[in-house]
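The values are calculated or read from the model by the stated rules, or taken from the named source; none is laboratory data. None of these values were measured; they are calculated from a predicted model. Here Cβ is always computed from backbone atoms with ideal geometry, including for glycine, and neighbour counts include all displayed protein chains.
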Amino acid sequence: MTLIAQPLTKQQTLPLKQLFGLSVGAGFSVSAIYYNQPIIGLLSNAFQIKVSEAGLIAMLTQIGYALGIFFLVPLGDMVNRKKLIISKLVLLCAALWLCSFSSTFPILLITSLCVGILATSAQDIVLASTVISPLNQRGKSVGIVMTGLLSGILLSRVFSGIIGQFWGWAIIFQLAASIIMALIIYFWFSLPTMPSQNTLTYKQIMASLKPLWQQFPQLRQSVVAQCFVSIAFSAFWTTLALFLSHNYGLGSATAGTFGLAGAAGAISAPLIGGLSDRIGAHKILLVSISIVILSFIAMLFIPFFAIHLQIGWLVLCVILFDFGINATLVSHQTIVYSLQPEARGRLNSILFTFMFIGMAIGSAAGSYLYQHVGWNGVLMLTIVAPMIALIIRMKPVQQQQQI
């Protein structure tokens, strides 16, 4: 018998076991685009290329993810979402295996691009949680699944760094492929069928992105604000290893373990989702973006502490700003996903495309500022960017639906 997804009523609750499975699936799917970041040095040695050339691997993976978000995630609005998730996971598994067996640098670049494109199955899994959740619990459900996704982003660097150091870079992608295979089996039996909610063609789906942008002022406000917050997020994580190395003589492995501190913020996602359902996402956003700003301002005071307290203060700031950034993303998702249920895939594509544009800007601007101005220049960017986001959020927009 085939199970068909039907949104639960307000009196029903989506089983925690199913939410946990979706959370794990989202986390391991998105992890695939971050495994290569801590092992750039290993890849440089393995393929006998410059470190700057090895950086193209991470860049193409991110570009692939952005392309997948824009061109593939909208497919969820026109095809069975369960079939889409499983199909992309199968191809992601194959791409990870091919990546591990890459014999030349060009092949590794191509497979990395494919991994990025197909890792967007994580976005389909997040959207699946909104399809099968009751309306009054949708924010909480998204928050739980986002905990897995955000934890995957942060912890993948730790996993990759440790495995790569002791067993080599290829094992990382082989283990990742094996995990994805297990997810395929799990989702095949656990996910209900989720038929399309409309009859639009792919051409019509893509053509409808512009009208969606024009129709919903809440969408424009949310994605632009998220873009500016993402600039701060990416600028910090891109330059953290340089800061730790130049000021404390610490290696990239230590920078990777800061992901554990960031993971503490990811745990807050379900709480934020539940609060968004009860008191409104807009109120949460004003507080969460303010926390991000204050956390980066606090980093300016690191030099005033004794040397043995500086790292501890930085860890505390990371926990706080990551809490704020995670809360901001979950709240923006709650707003955007509620605008037009049958267009969630397209709305999600717009939101995350802008988010990754912000991350790309943050990486480039952060690196430039660190080289020419120093760490305080990076911190000024991470303070100013979310300030702009806060100003954008404070501007009232016409509400077409109560959030």
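The figures follow:
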read-out: Qualifying residue in segment 260-274 (condition: crowded, with 19+ Cβ neighbours inside 10 Å, in contact with a Phe, Trp or Tyr (Cβ under 7 Å, 6 or more places away or on another chain), at pLDDT 75 or above and on the phi < 0 side of the Ramachandran plot); value: no
read-out: Test result for P7, in a helix (DSSP H, G or I), modelled with pLDDT under 80 and within 29 Å of Q137 (Cα to Cα); value: no
read-out: Flag if P38 is in a helix (DSSP H, G or I), surrounded by 16 or more Cβ atoms within 10 Å (Cβ to Cβ), at pLDDT below 90 and touching a helix residue (DSSP H, G or I) at 6+ places or on another chain (Cβ under 9 Å); value: no
read-out: Candidates Q310, Q371, Q333 - the one that is of a type in the set (S, T, N, Q), assigned to a helix (DSSP H, G or I) and out of contact with any helix residue (DSSP H, G or I) (no Cβ under 8 Å at 6 or more places or on another chain); value: Q371
read-out: Residue in segment 219-230 that is part of a loop (DSSP other than H, G, I, E, B) and closer than 19 Å to Y337 by Cβ present; value: no
read-out: Given (1) part of a helix (DSSP H, G or I); (2) farther than 30 Å from I392 by Cβ, number of the condition L212 does not satisfy; value: (2)
read-out: All positions within segment 185-205 that are out of contact with any helix residue (DSSP H, G or I) (no Cβ under 9 Å at 6 or more places or on another chain) and at pLDDT below 80; value: T199
read-out: Where G377 falls short, out of the listed (1) touching a helix residue (DSSP H, G or I) at 6+ places or on another chain (Cβ under 6 Å); (2) touching a residue at least 24 places away in the same chain (Cβ under 8 Å); value: (2)
read-out: Check on I49, buried (at least 18 other Cβ atoms within 10 Å of the Cβ), of a type in the set (A, V, I, L, M) and in contact with a helix residue (DSSP H, G or I) (Cβ under 9 Å, 6 or more places away or on another chain); value: no
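For (1) among the aromatic types (F, W, Y); (2) in contact (Cβ under 8 Å) with a residue 12 or more places away in the chain; (3) touching a strand residue (DSSP E or B) at 6+ places or on another chain (Cβ under 8 Å); (4) closer than 17 Å to I391 by Cβ, each residue gets a yes or a no:
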| position | (1), (2), (3), (4) |
| --- | --- |
| H282 | no, yes, no, yes |
| L286 | no, yes, no, yes |
| I289 | no, yes, no, yes |
| F304 | yes, no, no, no |
| I311 | no, yes, no, no |
| L320 | no, yes, no, no |
| V330 | no, yes, no, no |
| Q333 | no, yes, no, no |
| V336 | no, yes, no, no |
